[in-house]
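Beneath this line is the structure, given in structure tokens, with notes to follow.
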Amino acid sequence: MSDIFCKIINGEISSAKIYEDEDVLAILDLSQATKGHTLVLSKKHFDNLLEIDDYDYLKVMSTAKELAKAIVKTFNAKGVNILNNCGEAAGQTIMHFHVHIIPRYEDDDLKIDFVDHQGKFDLNKLKEEIIKNIEK
Ligand SMILES: [Zn+2]
């Protein structure tokens, strides 16, 4: 694999590393959508959330939780978003699984908007369709 995160993990490209263990790497996002914006990556390559195995997923997510605490404390943030974009349609630009830790501040200019489509869908019908495909 030759995506930029694999190159960072292999040490071919430098990054502002804040945490590393045998399975996970966390680096500051170059864009800094808000102060302290961090990416947590699985060291093993998986394209996205739909591909990653449970072990690596849980390692990334528990690391993200712990780092979120540290980042919120460090910058006295007022909240935090933990965000995963899965697939191009969802805004994923690097096809190597990662989650964003985005600390939130009262005066930040980040917008995550949900449009209300209440009434557009029959929830009981949607529910039945989804339940048929749950594999666990
Ligand atoms: Zn990769």
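Checked against the criteria, Lys17 counts as more than 15 Å from the ligand (Cβ to nearest atom) and either touching a residue at least 60 places away in the same chain (Cβ under 8 Å) or in contact with a Leu (Cβ under 8 Å, 6 or more places away or on another chain) (or both). Total residues in the range 28-47 satisfying the condition of being over 17 Å from Gly11 (Cα atoms) and buried (at least 17 other Cβ atoms within 10 Å of the Cβ): the figure is 5.
Listed here are the residues, each with its yes/no results for (1) at pLDDT below 95; (2) over 24 Å from Ile18 (Cα atoms).
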site	(1), (2)
Asn81	no, no
Glu88	no, yes
Val99	no, no
Lys111	yes, yes
Gln118	yes, yes
Leu123	no, yes
Leu126	no, yes
Glu129	no, yes
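Just so you know, in the range 87-118 the residues that are aliphatic (A, V, I, L, M) and surrounded by 10 or more Cβ atoms within 10 Å (Cβ to Cβ) include one that is farthest from the ligand (Cβ to nearest atom), and it is Leu110. The set of residues from the range 26-51 being within 11 Å of the ligand (Cβ to nearest atom), hydrophobic (A, V, I, L, M, F, W, C) and not in a loop (DSSP other than H, G, I, E, B) comprises just one member, Leu41.
The values are calculated or read from the model by the stated rules, or taken from the named source; none is laboratory data. Since the structure is predicted, the reported quantities are computational estimates derived from the model, not experimental observations. Cβ atoms come from the backbone with ideal geometry, glycine included; neighbour counts cover every protein chain shown.
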